[in-house]
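Here the structure comes first, spelled out in structure tokens, and everything after it is commentary.
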Amino acid sequence: MRTRLRAWRWRRNPLRRRSDVVEAWTALIAAVLLCVGAPLVGTAVGRWAYDTARTTQTAQRADRRLVPAVPTEDAPAAAPSADGGGRPLYPVKVRWSEPGGGTRSTLAEVPAGSRRGDRVQVWLDAEGRGVAPPPTDAAVWQHALAAGVWAAGGAAGAVLLGRAVIGRVAERHRMAEWEAEWARTGPDWGRRTA
């Protein structure tokens, strides 16, 4: 009995209206898109994001270099934190030696609590400016995963929104069809035929 109730919109039936068929097909298409389309969109966007982030990582690793340097001033102390993460980085003036023998200085990020004269490792670009370190492999994967999940969620949301809009329009059409049917049937409803 249950199968008959669920599939009544697919069978020929005098009570079935055109809006019922449209709504049934919409539900089927939405289910397929949710089960197949959204994961495919998420996978495609995730792969694209991974390739883009990996290219950026490779370019930054080629352009940037890690050099030993000495801060010329104290870095602020780290504020207490409940997250337990690594020490934050603060921009401080540092001095380092060039391979040719000269010394240079620039503003670079050093770990919190670094004192003047300590040895620290800083990332520099080709011009000798202090820059952020290139993204790690974990950061590349996190970026790709986040992009893929958000894309799949967005695709699923769009499918569900489209399904809701079509369901609402189908409901309005169904009510209009019932109203027209009642306008034809209503006057004869209470009349006795004897």
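The values are calculated or read from the model by the stated rules, or taken from the named source; none is laboratory data. As the structure is a computational prediction, the values presented were derived from the model and not from experiment. Cβ: placed from backbone, ideal geometry, glycine included. Neighbour counts: every protein chain shown. We work out accessible area using only protein heavy atoms, side chains counted, and drop any ligands, DNA or RNA first. Shrake-Rupley method; radii C 1.70, N 1.55, O 1.52, S 1.80 Å.
Here are the numbers for this structure:
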| item | result |
| --- | --- |
| Test result for Trp25, surrounded by 12 or more Cβ atoms within 10 Å (Cβ to Cβ), farther than 30 Å from Val131 by Cβ and at pLDDT 80 or above | yes |
| Selection count, the range 28-43, where residues are touching a residue at least 40 places away in the same chain (Cβ under 8 Å) and surrounded by 14 or more Cβ atoms within 10 Å (Cβ to Cβ) | 8 |
| When residues of the range 69-100 are limited to those that are small (Gly, Ala, Ser) and modelled with pLDDT of 75 or more, the one farthest from Gly128 (Cα to Cα) | Ala77 |
| Exclusive hit being open to solvent by 80 Å² or more (accessible area, probe 1.4 Å) and either out of contact with any helix residue (DSSP H, G or I) (no Cβ under 6 Å at 6 or more places or on another chain) or polar (S, T, N, Q) (or both), set Arg54, Arg47 | Arg47 |
| Where a residue in the range 164-184 is more than 13 Å from Asp20 (Cβ to Cβ) and its partner, wherever it lies, is at pLDDT 90 or above and open to solvent by 90 Å² or more (accessible area, probe 1.4 Å), with Cβ under 7 Å and at least six apart | none |
| Residue match in the range 158-172 (condition: open to solvent by less than 90 Å² (accessible area, probe 1.4 Å) and under 30 Å from Ala62 (Cβ atoms)) | no |
| In the range 121-155, residue farthest from Val92 (Cα to Cα) [restricted to those that are buried (at least 19 other Cβ atoms within 10 Å of the Cβ) and modelled with pLDDT of 90 or more] | Ala155 |
